[in-house]
Amino acid sequence: MSQYVPQTDNPVGSHVLLIDPHASVSALLACAEQRIQAAKNLLRCLSLMSGHSHDPQDLSAVCEASSLLLQQGCDVLGVLALRDA
């Protein structure tokens with residue numbers, strides 16, 4: 001396994017966000033949990049929004065942020081799965 005694993009949501013050709021596959025299991029799990037919990041909280045806020053009380057771009061922004069956070073959490077969990085393989 002290489003020194004760092006790029007996250008899948010990096011812009012094409014640019015590996016800015018990287019995961020250290022040699023980080024401790026507890027650190028990787030905490031990182032994944034933080035991102036998944038943040039996405040869950042954003043989606044909960046979205047579920048409480050009224051159709052008339054928000055800017056039309058709010059929905060798009062919440063969805064994009066949730067997607068990025070979930071992808072990052074999944075990428076970190078994927079690194080843990082590769083370590084186990």
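As a summary of the residue check, Val62 satisfies the conditions (1) surrounded by 16 or more Cβ atoms within 10 Å (Cβ to Cβ); (2) in contact (Cβ under 8 Å) with a residue 24 or more places away in the chain; (3) outside any loop (DSSP other than H, G, I, E, B) except for the one numbered (2).
Does Leu70 satisfy the criteria of being more than 12 Å from the chain's Cα centre (by Cα) and hydrophobic (A, V, I, L, M, F, W, C)? No; evaluated as a whole, the condition is false for this residue. Scanning the range 5-17 for residues that are under 16 Å from Gln72 (Cα atoms), free of Cβ contacts under 8 Å to residues at least 40 places away in the same chain and exposed (fewer than 14 other Cβ atoms within 10 Å of the Cβ) yields Asn10, Pro11, Val12, Ser14, His15, Val16. Only residues that are outside any helix (DSSP H, G or I), charged (D, E, K, R) and under 11 Å from the mean Cα position of the chain (by Cα) were counted in the range 4-48, giving 1.
Where a number appears in this text, it was derived from the coordinates with a stated rule and is not lab data. As the structure is a computational prediction, the values presented were derived from the model and not from experiment. In this analysis, Cβ positions are derived from the backbone assuming ideal geometry, glycine residues included, and neighbour counts consider all displayed protein chains.
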